[in-house]
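Working notes for the structure below.
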Amino acid sequence: MPTETAPDPTGAGSSETGPRIVMENVRKQFGKNVVLDDLNFSVDRGERVTLIGPSGSGKTTILRLLMTLEELTGGYIYVDGEPLTHAKRGERRVKLRSGEVSRIRRRIGMVFQQFNLFPNMSVLENITEAPIHVLGRSKDQARADALDLLDQVGLKDRAQAHPTQLSGGQQQRVAIARALAMEPEILLLDEVTSALDPELVGDVLQVLRDVARNTDITMLIVTHEMQFAQDVSHRVLMFDQGHIIEEASPQVMFTAPQHERTQQFLQAVL
Amino acid sequence: MSDILQALSDYRPYLWEGLQVTLQLSLGGVAVAIVVSVVLGLAAISPLPVLPVVSRVIVEFFRGTSLVVQLFFLYYVLPPLGLDLGPVGAGIVGLGLNYGAYGSEVVRGSLNAVPKGQWETTLALSMSWPLKVRRVVWPQAWALMLPGLNNLTVMLVKGTAVALLLGLHDLTYWADEMRKDPDVGLWTAYGIVFLLYYLIALACSSGLRLLERRAQRRLGLRADVAVTDRATAEAVA
């Protein structure tokens, strides 16, 4: 990828070399329940970061905040240096207009625990829908791209099938293809194998390993599959009660965790 | 039996007239009600700040006040203001607005009943509100709302009997005329009209049931429920 050094004409501070995602003093409350408190971390371009920790520790909330499925209570999130939902104007914290939000959100894709395929469309239509109507691709182009993606996830022969005719694992592979069809720069994977029968997990993880190997998409991964986390991620963040309590490479995290909570957690899940 | 046939033959032209009035009110009322239901139902869940409030106010008004008073208002108050709908027009508009207010709650409820994950996925795919509603949410909500709309349709058909109060010669009016005729038995007079209402309602609800089944089939809901399980089993095997 060529590096751009020309100054950004908008002056918004976006850059081609800075971190892909920056979380600054991020706070999220549901009512009085504080889920994330003063969270700071950044993710580099092409980096794959796995978030681990006990349930309720705030991992999924981070993905949902990035996808703008939840409203940020405090702090800022930057994508490519640009504010996602709230911006600093001097001392003030200003909510951005929905048009601005959606422009940046378009760089982000997400795969959900429950697949969420559209039941009123075939497998192929699930994948082509957004490229045609959001990105403005021609039907033929979208169709050809979708078939390529289905080939990558091993389901080219099921293009015309209805989602309910697929197994959970197949549905999730279609959902991955659907997210990739939007050519996201950032892909959020929210416990994508947690709803699957154990026998079906392997195929889905294999597809994701391939994506990790063949693309430079930045990924944020929430998973309980520690072997997968170790295989694909560059960095692992251990969460507990809304805070990052440990941060390490997967090798270190899974073999020599420092924090006592991390040791307990990994002992329980491994 | 011969009484009934005799009455039917004597009153055939009148019953035919009554049937036509009732059918006009029914079909017209249902058409207006569907438009009102959809517009108010979509407005109720729209992300724009004002529309849900406007929708709420309209729904509360038409649900919360008497249909008969609404019909009289349309029939007696509007013409001096320059809007004369005529008795059939007033009946159609009044029934449509009143039942449409109920229908909009069915539409709103069905749109909200589409799983949250579907809405969230459309956001993750950057789909605009009109696009996600039209292409993803509505087709799923449609299957959910048809049973409720079917109910309201049948109620509207029977509810057209209030047209009598606007002086229209609908089925109910002619039932009453037959009652006054000493040659026609009371049972016969109302029995015939009961049956005719029932047949109209049956036709409407059968049509809607057909739509419902088609909508469900499109969502894969009527295809063998075990299909997913079988696919899982095959994938595992």
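If you go through region A:27-72 and keep only what is within 14 Å of chain B (Cβ to nearest Cβ) and hydrophobic (A, V, I, L, M, F, W, C), you end up with A:Leu63, A:Leu65, A:Leu66, A:Met67, A:Leu69.
Of the residues in region A:126-133, none is open to solvent by less than 40 Å² (accessible area, probe 1.4 Å), at the interface with chain B (Cβ under 10 Å from one of its Cβ atoms), assigned to a loop (DSSP other than H, G, I, E, B) and in contact with a helix residue (DSSP H, G or I) (Cβ under 7 Å, 6 or more places away or on another chain). State which residue pairs qualify: first residue farther than 15 Å from B:Gly159 by Cα and inside region B:195-212, second residue open to solvent by 40 Å² or more (accessible area, probe 1.4 Å) in any location, beta carbons under 8 Å apart, and separation of 6 or more residues or different chains. Close Cβ pairs (under 8 Å, with a partner that is open to solvent by 40 Å² or more (accessible area, probe 1.4 Å)) amount to B:Glu212/B:Pro147. Of all the listed residues (A:Val94, A:Val79, A:Val49), the sole one being over 21 Å from B:Leu125 (Cβ atoms) and in contact (Cβ under 8 Å) with a residue 24 or more places away in the chain is A:Val49.
Scan region B:1-26 for residues that are without any contact (Cβ under 8 Å) to a residue 60 or more places away in the chain and closer than 18 Å to B:Val88 by Cα and report the count.
2
Within 14 Å of another protein chain (Cβ to nearest Cβ), in contact with a Ser or Thr (Cβ under 7 Å, 6 or more places away or on another chain), farther than 28 Å from A:Leu270 by Cβ and open to solvent by 10 Å² or more (accessible area, probe 1.4 Å) - does that describe any residue in region A:193-209? There is no residue in region A:193-209 that is within 14 Å of another protein chain (Cβ to nearest Cβ), in contact with a Ser or Thr (Cβ under 7 Å, 6 or more places away or on another chain), farther than 28 Å from A:Leu270 by Cβ and open to solvent by 10 Å² or more (accessible area, probe 1.4 Å). Scoring A:Asn116 on the criteria (1) within 14 Å of B:Thr122 (Cα to Cα); (2) more than 10 Å from chain B (Cβ to nearest Cβ); (3) of a type in the set (S, T, N, Q) leaves a single failure, condition (2).
Of all residues in region A:214-244, those that are free of Cβ contacts under 8 Å to residues at least 40 places away in the same chain and either under 16 Å from the mean Cα position of the chain (by Cα) or open to solvent by less than 70 Å² (accessible area, probe 1.4 Å) (or both) total 4. Flag: A:Arg20 matches the condition of being open to solvent by less than 90 Å² (accessible area, probe 1.4 Å), closer than 19 Å to A:Ile217 by Cβ and either in contact with a His (Cβ under 9 Å, 6 or more places away or on another chain) or modelled with pLDDT of 90 or more (or both). The set of residues from region B:120-142 being at the interface with chain A (Cβ under 9 Å from one of its Cβ atoms) and touching a Leu at 6+ places or on another chain (Cβ under 7 Å) comprises B:Glu120, B:Leu123, B:Gln140. Please determine whether any residue of region A:81-89 is open to solvent by less than 10 Å² (accessible area, probe 1.4 Å) and not in a strand (DSSP E or B). Yes: region A:81-89 contains one or more residues that are open to solvent by less than 10 Å² (accessible area, probe 1.4 Å) and not in a strand (DSSP E or B). Residues in region B:27-41 that are surrounded by fewer than 21 Cβ atoms within 10 Å (Cβ to Cβ) and either of a type in the set (Val, Ile, Thr) or touching a residue at least 12 places away in the same chain (Cβ under 8 Å) (or both): B:Gly28, B:Ala31, B:Val32, B:Ile34, B:Val35, B:Val38, B:Val39. Tell me yes or no: at least one residue of region B:145-156 is among the aliphatic types (A, V, I, L, M), open to solvent by 30 Å² or more (accessible area, probe 1.4 Å) and within 14 Å of chain A (Cβ to nearest Cβ). Checking region B:145-156: not a single residue is among the aliphatic types (A, V, I, L, M), open to solvent by 30 Å² or more (accessible area, probe 1.4 Å) and within 14 Å of chain A (Cβ to nearest Cβ). Of all residues in region A:134-163, exactly one satisfies the criterion of being open to solvent by 40 Å² or more (accessible area, probe 1.4 Å), touching a residue at least 40 places away in the same chain (Cβ under 8 Å) and within 10 Å of another protein chain (Cβ to nearest Cβ), namely A:Leu135.
Would you be able to say whether some residue in region B:10-26 is at positive phi and either open to solvent by 20 Å² or more (accessible area, probe 1.4 Å) or acidic (Asp, Glu) (or both)? No: zero hits. For A:Leu188, the criteria (1) buried (at least 22 other Cβ atoms within 10 Å of the Cβ); (2) over 21 Å from A:Ile52 (Cα atoms); (3) at the interface with chain B (Cβ under 9 Å from one of its Cβ atoms) hold in every case but one, which is (2). Just one of the listed residues (A:Gly90, A:Gly81, A:Gly169) is more than 14 Å from chain B (Cβ to nearest Cβ) and within 20 Å of the chain's Cα centre (by Cα), namely A:Gly81.
Residue-level analysis places B:Ala235 outside the set of residues that are part of a helix (DSSP H, G or I), closer than 20 Å to B:Ala33 by Cβ and at pLDDT below 90.
Residues in region B:78-98 that are open to solvent by less than 30 Å² (accessible area, probe 1.4 Å) and touching a helix residue (DSSP H, G or I) at 6+ places or on another chain (Cβ under 6 Å): B:Ala90, B:Gly91, B:Gly94, B:Leu95, B:Gly96, B:Asn98. Residues of region A:245-258 that are assigned to a loop (DSSP other than H, G, I, E, B) and either β-branched (Val, Ile, Thr) or surrounded by 15 or more Cβ atoms within 10 Å (Cβ to Cβ) (or both): A:Pro257 alone.
The values are calculated or read from the model by the stated rules, or taken from the named source; none is laboratory data. Remember, it's a predicted structure, so these values are computed and weren't measured experimentally. Positions of Cβ are generated from backbone atoms using ideal geometry, with glycine treated the same way; all protein chains shown enter the neighbour counts. Only protein heavy atoms, including side chains, enter the accessible area calculation; ligands, DNA and RNA are left aside. Shrake-Rupley method; radii C 1.70, N 1.55, O 1.52, S 1.80 Å.
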